[in-house]
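Here's the structure, in structure tokens; my notes come after.
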Amino acid sequence: MRRIAIMNQKGGCGKTTVAINLSGALTSLDRRVLLVDLDPQAHATIGLGVSSESQPVTTYELLLDSAVTASDAVLELRERLYLMPASTVLSGIEQELHDADGREARLAEKIGQFPDDTFDFVIVDCPPSVGLLTFNALIAVDEVIIPVDASFFSMHGLSKLRETLEVVEEELKHRLTVHVLCNNIDTRTHFSNEMLDEVEKFHSGVLLDTYIIHSVRLKEAAARGKTVFELAARSKPAGQFLSLAREIIEKEPRIETRNLEEWMERLHGPRQVPEGVLFAIDAPNADQVRVTGEFTNWSREGRKMERDPHDGLWKIVMNIPPGEYEYRFIVDGVWIRDPNNKDYIRNEFGQENSLLIV
């Protein structure tokens, strides 16, 4: 299951049009596609003929409520085409989750609930900004398509966005494969052709061969809640989106995709492994980390954890009998709850203890 974000922090570059019609093209090539609308404007939802304000479960509820599963948020729209709709209330999610643990990884956690063969592609339509929602998308995907139109501001924004992605990759230790797509191009103008040459000059290593022309057909399709394939399957833009889909299929990253188990260690609390219960915490500046809890009779020494040289996480596997346990980490002498475990209870002193169920 390939996961691709469509993103550009500049508005008006046709990001949502690309997300909708690339999804339609992939389904035309017999791929099962989930389109995730992560933009509070909900244009991908509306552009596929779905009322954004009448859906009981949207990406807002998905990110906010741990009880909402990924399957709860999925609508089957057409054969092989599925949608996670958005609504305007999604604009408040950053404030709702401002102090929540693991808030940047919520989409990855939910997408990870699907078996890998559920969909061939997950396409995420990002908001036109770099904030909590976009970070959720970047952690959940392995590839990014950046649509750019023929304008000076778009060219300038492309360079800045690629710099931002490099910083994100370094901070998250998560490799992203970047594709640049020239979109909404009027090849009749000298200026557009000059812009195409500029993109090829400075971004040739990631520039896709396919480009999408400016076409009123794409606007008509969006206004009718359809993909261009449902409105004008033999039109030139439909053919270009088919070429784009084929190119994306052929460009499957040769790099090793994320080790999902390793990412789950970063996104979740302790989990059961064949040897027992694995505890893991990311504390890069710590000299010593221990875990203690009801399974150690709240010993102040606890059990010493070791730093994994492969991913830098502090880990320990413990043989713990079935039951319900409270626990905390001790990082350089400071007692803290597990930042990756959303389940906790308050003890008699008002402190938050993480909760483990074996």
Rg/Rh (Cα only; Kirkwood hydrodynamic radius) as it applies to the chain: 1.03
Residue of Val74, Val57, Val334 that the Gaussian network model of the chain assigns the largest fluctuation, springs spanning Cα pairs under 10 Å: Val334
Alpha carbon centroid spacing (whole Å) that separates segment 6-47 from segment 126-170: 15
Over the chain: helical MRE at 222 nm, DSSP H runs n ≥ 4 each giving -39500 (n - 2.57), nearest 500: -9000 deg cm²/dmol
Lys304 accessible area, assembled protein chains, probe 1.4 Å, Å²: 110
Carbon/sulfur fraction of accessible area - the chain, other protein chains in place, 1.4 Å, %: 47
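Can you give me the relative contact order of segment 1-153 as a percent, contacts being Cα pairs under 8 Å and 6 or more apart? Let's see the in-between values first.
On the way: 299 pairs, mean separation 65.0, N = 153.
Relative contact order of segment 1-153: 43 percent.
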Other-chain or far-sequence residues with amide H under 5 Å of Asp186's (modelled H): His214
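With a probe of 1.4 Å, find how much accessible area segment 26-154 has per residue, and write the answer as a whole number in Å².
Details: 4860 Å² over 129 residues.
On a per-residue basis, 38 Å².
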GNM top mover of Gly276, Gly131, Gly47 - the chain, alpha-carbon springs below 10 Å: Gly276
Segment 1-79, relative contact order in percent, only Cα pairs under 8 angstrom and at least six apart counted: 18
DSSP bridge pairs, the chain: antiparallel proportion in percent, nearest 5: 55
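For the chain, what is the relative contact order in percent, using Cα pairs closer than 8 Å and at least 6 residues apart in sequence?
Details: 676 pairs, mean separation 58.5, N = 358.
It rounds to 16 percent for the chain.
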Which of Leu218, Ala137, Asn285, positive extreme of dipole for the chain (C-beta unit charges): Leu218
Highest-MSF residue in the chain out of Val331, Val180, Val144 [GNM, Cα springs under 10 Å]: Val331
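The values are calculated or read from the model by the stated rules, or taken from the named source; none is laboratory data. It should be emphasised that the depicted structure is a prediction, and the values quoted were computed from it without experimental measurement. With ideal geometry, Cβ positions are generated from the backbone for all residues, glycine too; neighbour counts draw on all protein chains shown. Keep in mind that these areas ignore ligands, DNA and RNA; they rest on the heavy atoms of the full protein, side chains included. Shrake-Rupley method; radii C 1.70, N 1.55, O 1.52, S 1.80 Å.
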